[in-house]
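Okay, so here's the structure we're looking at.
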Amino acid sequence: KGAAQMVEVGDKDIQKRTAMAEGKILLKEKTIKLIKENSLKKGDVLTVAKIAGIQAAKHTATLIPLCHTLLLSKVDVDLNVENNGVKAVSIVKCTGQTGVEMEALNAVSTALLTVYDMCKAVDKEMVIIDIKLLSKTKV
């Protein structure tokens, strides 16, 4: 076993690659109400978290040491208030030689961490759960 290294992808075919991921943050009923009313001191939770998730996908290679830098063609993060929290779903696309699953997972993770940060003053019992890759494709 040698030192850590990036995987060589130079000989792989250039393909259209897509990945989707999701996760959830469990919140108190009061916190959900504040999010819906846009009444939290830090502002519009869902919009800020969406932007944070998109930005995170774009910076994945700087955060996770052995990830390749990718030219992403699409990043979207949808956040929806549910009866017990907020669910985040990301979709990331690129045309390249390696997949975008880490970018999709990073987008969801960071979006949920942003919800946590924006709500921490009013909810001390938040839990981030079930972050997972839903799909990855290449064509």
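Listed values, structure above:
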| item | result |
| --- | --- |
| Residue 36/residue 73 FRET efficiency (R0 41 Å; Cβ-Cβ; nearest 0.05) | 0.80 |
| For the chain, with +1 on Lys and Arg beta carbons and -1 on Asp and Glu, the positive-most of 83, 131, 5 along the dipole | 83 |
| Computed [θ] at 222 nm, deg cm²/dmol, the chain (DSSP H ≥ 4; -39,500 (n - 2.57); rounded to nearest 500) | -10000 deg cm²/dmol |
| Near-label residues of the range 85-108 by backbone N, under 20 Å of a point 7 Å along Cα→Cβ of residue 44 | 86-91, 108 |
| Residues with amide H under 5 Å from that of residue 27, placed H, sequence gap 5 or more | 85, 86 |
| Close Lys-Lys pairs in the range 57-139, where close means Cα under 18 Å and separation is 8 or more or interchain | 11 |
| Å² of accessible area per residue within the chain, as computed with a 1.4 Å probe and no ligands counted | 60 |
| Heavy-atom accessible surface of the range 10-136: percent carbon and sulfur, 1.4 Å | 53 |
| The range 49-89: translational diffusion in µm²/s, Stokes-Einstein, Kirkwood Rh over Cα pairs, 4 °C, 1.567 mPa s | 112 |
| Under the span-like rule (Cα at least 18 Å along the axis, Kyte-Doolittle mean at least 0.0), DSSP H helices of the chain | 45-58, 101-119 |
| Relative pair counts by distance (%), Cα atoms of the range 62-139, 10 Å bins | 16, 46, 26, 10, 1 |
| Ratio Rg/Rh [Cα only; Rh per Kirkwood] for the range 79-121 | 1.10 |
| Within the range 2-19, backbone nitrogen closer than 12 Å to the virtual label 7 Å beyond the Cα of residue 64 toward Cβ | 19 |
| Cα-only radius of gyration and Dmax that characterise the chain, units Å | 16.6, 54 |
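The values are calculated or read from the model by the stated rules, or taken from the named source; none is laboratory data. It should be emphasised that the depicted structure is a prediction, and the values quoted were computed from it without experimental measurement. As a convention, Cβ positions derive from the backbone with ideal geometry for all residues, glycine included, and neighbour counts pool all protein chains shown. Heads up: the accessible areas ignore ligands, DNA and RNA and are worked out on the full protein's heavy atoms, side chains in. Shrake-Rupley method; radii C 1.70, N 1.55, O 1.52, S 1.80 Å.
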